[in-house]
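Before any comments, here is the structure.
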Amino acid sequence: MSPVSTPPRRPALPQQPRPPVRPRRLSWATRAVTTLSVVVLAAGGIGHAVVTRLDDEIARVDAFKDMKNRPEAGHGMNVLLVGTDGRDRITEEERQRYRLGGAPCHCTDTMMIVHISEDRERASIVSLPRDSYAETPEHTDHTTGKTHRAHPIKLNAAYAEGGPQLTVRTVEHMTKVKIDHYVEVDFTSFMRTVDVLGGVRICTARPLKDAYTGLDLASGTHELDGGRALQYVRSRHTDGSSDLGRMKRQQRFMASLMSQATSSGVLLNPMKFRDITQAVLGSVRADKEFGTGELIDLGRAMRNLAPASSEFTTVPIGHMEYAVEGVGSTLKWDETKSARLFKALRDDRPLAPYKPRGAYARVDVAPQQIRVQVENGTTVPGLGRKIDRQLAATGFRTTKTPVNSPQRNVQRTLVVHDPRWDRSAESLAAALPGSELRPVRAQGPTLRVIAGTDFGKVRKVRAEDPQQGESGVVTGDQVACAP
């Protein structure tokens, strides 16, 4: 028998070198969320070992415990980003320097819904004003077992009453948007993040001064450390725009912080990123399901997002001073416009794009934030009603009940205002060409227009900052401070 021959073995193919692995590039949307919690959503661009350690050290909270009757899940991912007024780790020197004294209210200081589209091509960030009129759903206190009926509150008080769970439930109840993840940070993590990044560059067209927070910035460009940055995003008394003006600054700050983090390479350098995690992990909390896998997948999925595909907006307000017994003055959402906004999130559609329409005069404060009482200072019948209608059509919040002024021989139209609301007065005067500003102390936030015989017509105005523009929606590349 002939021996069985063994076929010759093929020579081994030379091993092909693997192509170099390109470092993951963090998306703009990922950087957006890092404004208040860099360590949470930036992790998709960092090595697995660093992320695993991060996952182990983040404090966990069961934000969705025993929740029933929740909204149907839409498309994409919705993260509720909450900033609290926690200051337990603030030093005494920081308390004095940055006006952080007093007992915290254990409520939310900032609240945003961050929506990432299902195709990972778009991010939409919606700010929810802390003083929004809200109605809590019926709920049970898991500590005492006591059941509380549905009742009205300010949105930021939901956290004090029922922690993250009631906060999530209240937001879902109001928006009909299902929240997939919950992320919470406090003053300490915010300040430490900014400091580790080396500060953040902020530009402002006008001086900003607030005796409550100690903010004092001249017009121009400033490099803010963590404490001064906290003053910048917390200030509510630089003008009559209050909470809405503050949210505008918070969104501007987000863009600047993201630019700083990207240009410095912090979020792509594991060693520098480690320094950030060590500085802020002690005060970051997230839901139990927001773990390492989600962090890595989210970062990988969002790599291709661009600034132009990221949107910022604030819930449309229908009533600026909505009084509620036992609660106080609140901001009541515009039911029609807010419903349309949240339906867009549920349907995973872009929000209304920012599109200038026609010719507008640029102003510093949006007309939607300015309340006006019109007075007819002439003997011309119906002039007050005419000006009231034209101002309302341009966006000003008129009282819709013009009156006759005691002065009936006014020649030049007057804008009478409290000096504390000077920027709002200048914006209103821009809509009334030729009008004269007249400060009156202790008048309060409502501005008065006394019509004169020189009145021609109301000129359309638009806020200088696109965030205060007609649609209320601005893309990320419009928010960033110019280099």
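The single condition from (1) at pLDDT below 75; (2) within 17 Å of Leu341 (Cβ to Cβ) that Arg99 fails is (2).
Conditions tested, residue by residue: (1) among the basic types (Lys, Arg); (2) over 21 Å from Arg346 (Cα atoms); (3) surrounded by 15 or more Cβ atoms within 10 Å (Cβ to Cβ); (4) over 17 Å from the mean Cα position of the chain (by Cα).
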residue: Arg99; (1), (2), (3), (4): yes, yes, yes, yes
residue: Asp131; (1), (2), (3), (4): no, yes, yes, no
residue: Val171; (1), (2), (3), (4): no, no, yes, no
residue: Ile202; (1), (2), (3), (4): no, yes, yes, no
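Across region 395-410, the number of residues qualifying as farther than 17 Å from Pro445 by Cβ and crowded, with 18+ Cβ neighbours inside 10 Å comes to 3.
Within region 388-405, being touching a Pro at 6+ places or on another chain (Cβ under 9 Å) and not in a helix (DSSP H, G or I) holds for Gly395, Phe396, Arg397.
Considering each residue of region 451-459 in turn, none proves to be within 33 Å of the chain's Cα centre (by Cα), of a type in the set (Val, Ile, Thr) and at pLDDT 95 or above. Check region 253-265 and report whether any residue there is assigned to a helix (DSSP H, G or I), modelled with pLDDT of 75 or more and out of contact with any Gly (no Cβ under 8 Å at 6 or more places or on another chain). Yes: one or more hits.
Only residues that are surrounded by 20 or more Cβ atoms within 10 Å (Cβ to Cβ) and at pLDDT below 85 were counted in region 138-167, giving 1. Return the total of residues in region 373-386 being within 30 Å of Arg236 (Cβ to Cβ) and surrounded by fewer than 24 Cβ atoms within 10 Å (Cβ to Cβ). Looking only at that region, the number is 2. Against the test of being part of a loop (DSSP other than H, G, I, E, B), touching a residue at least 12 places away in the same chain (Cβ under 8 Å) and of a type in the set (Lys, Arg), the options Arg408, Arg385, Arg423 yield a single qualifying residue, Arg408. When region 174-200 is limited to residues that are among the acidic types (Asp, Glu) and farther than 30 Å from Asn69 by Cβ, the one that is surrounded by the fewest Cβ atoms within 10 Å (Cβ to Cβ) turns out to be Asp195.
Cβ-Cβ contacts under 7 Å between residues 6 or more apart (or on different chains), taken from a first residue in region 193-205 that is under 11 Å from Leu224 (Cβ atoms) to a second residue that is among the acidic types (Asp, Glu) and not in a loop (DSSP other than H, G, I, E, B), are listed as Gly199/Glu223; Arg201/Glu223. For Val365, are the conditions met, namely being at pLDDT 90 or above and among the β-branched types (Val, Ile, Thr)? Judged against the criteria, Val365 is not a match.
Note on region 217-245: residues that are in a strand (DSSP E or B), modelled with pLDDT of 85 or more and more than 16 Å from Leu100 (Cβ to Cβ) total 4.
The values are calculated or read from the model by the stated rules, or taken from the named source; none is laboratory data. What you see is a predicted model; the values in this text were computed from it and never measured. Backbone-built Cβ (ideal geometry, glycine too); neighbour counts: all protein chains shown.
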